[in-house]
Amino acid sequence: MSLPDSATTTHSEEETFELARALAQRFRGKEVVLLSGELGAGKTIFAKGIAAGLGMKSCALVCSPSFTIMNIYEARFPIYHFDLYRLEKSADILDLGWEDYLDRGVVVVEWGERIPFALEAIRVHINKGRGDERIIGVSMPRQ
């Protein structure tokens, strides 16, 4: 992974949520956000923060779509939330047709590092620290 444009250390789920909320408030509706990090790192908390930043009324409804693969949420822009955890083969990921949602709203992908092709996206990598501490690297796409 390349070096992030910025790295932030958060000390609670609330701070991780707020970091994502602040980032998403600047979105224009066609962003792709690829979330990576080990199990329990906070990818879903970050997705909830994105939903809040986009004005979703009840971001408590945001949950990891590990079994359904995709959830759709209504906010200022539609949010297409994918989770690739259960998909290990590139062919399975390509067969999802998730790229059909690009440019139709904000696409958030947990386990985004599994996407088998280059994609202009905001890349967020979350590393666990001690306790609730998280080191969050954010790389913006090159314009």
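What size of dipole, in debye to the nearest 20, comes out for the range 35-105 about its Cα centre when the only charges are +1 on Lys and Arg C-beta atoms and -1 on Asp and Glu C-beta atoms?
Values: 7 positive and 9 negative charges, 77 e Å.
Taking the Cα centre of the range 35-105 as origin, the dipole is about 380 debye.
Lysine pairs in the chain with Cα distance under 24 Å, only those 8 or more apart or on different chains: how many are there?
Details: Lys30/Lys43; Lys30/Lys48; Lys30/Lys57; Lys43/Lys57; Lys43/Lys89; Lys43/Lys128; Lys48/Lys57; Lys48/Lys128.
Lysine pairs, 8 or more places apart or on different chains, close enough: 8.
Could you tell me which of Ala75, Val108, Thr9 has its Cα farthest along the dipole of the chain towards the positive end, charges placed at Cβ (Lys, Arg +1; Asp, Glu -1), taken about the Cα centre?
Value computed over the given set: Ala75.
Once every DSSP H run of n ≥ 4 in the chain is given -39500 (n - 2.57) and the sum is divided by its residues, what mean residue ellipticity at 222 nm do you get, rounded to the nearest 500 deg cm²/dmol? It would help to have the intermediate numbers written out before the result.
On the way: 3 runs with 29 residues, N = 143.
It lands at -6000 deg cm²/dmol.
So for the chain, averaging the separation of alpha carbon pairs under 8 Å that are six or more residues apart and normalising by length, what relative contact order in percent results? Display every interim value, and only then the final one.
On the way: 285 pairs, mean separation 49.7, N = 143.
Rounded, it is 35 percent for the chain.
What is the fewest-to-most order of Tyr101, Tyr73 by other Cβ atoms lying within 10 Å of their Cβ?
On the way: Tyr101 18, Tyr73 23.
Final ranking by Cβ density, sparse to dense: Tyr101, Tyr73.
Using per-residue counts of other Cβ atoms within 10 Å, averaged over each peptide, order 113-121, 81-89, 24-32 from highest down.
Numbers: 113-121: 13.1, 81-89: 18.0, 24-32: 15.9.
Per-residue mean Cβ counts within 10 Å order the peptides as 81-89, 24-32, 113-121.
Under unit Cβ charges (Lys, Arg +1; Asp, Glu -1), what dipole magnitude, rounded to 20 debye, does the chain have relative to its Cα centre?
Numbers: 17 positive and 20 negative charges, 58 e Å.
Dipole size: approximately 280 debye.
Would you kindly state how much longer the chain becomes between Ile72 and Asp132 on full extension, computed as 0.36 nm times their sequence separation minus their alpha carbon distance, in nm to one decimal? Numbers along the way, then the final one.
Details: separation 60, 0.36 × 60 = 21.60 nm, distance 2.81 nm.
So the extension gain works out to 18.8 nm.
Would you mind estimating how fast the range 28-141 diffuses translationally, via Stokes-Einstein at 25 °C and 0.890 mPa s with the Kirkwood radius over Cα pairs, in µm²/s? Walk me through the numbers on the way to the answer.
Values: Rh = 14.2 Å.
It diffuses with D of about 173 µm²/s by this estimate.
Give me the number: length gained by fully extending Leu102 to Thr9, i.e. 0.36 nm times residue separation minus the C-alpha to C-alpha distance, one decimal in nm.
Working: separation 93, 0.36 × 93 = 33.48 nm, distance 2.98 nm.
Fully extending the segment from Leu102 to Thr9 adds 30.5 nm.
Each reported figure results from applying straightforward, stated rules to the coordinates on display, with no laboratory input. All figures in this text were calculated on a predicted structure; none of them were measured in a lab. Neighbour counts are summed over all protein chains in view; Cβ atoms, including those assigned to glycine, are modelled from backbone coordinates with ideal geometry.
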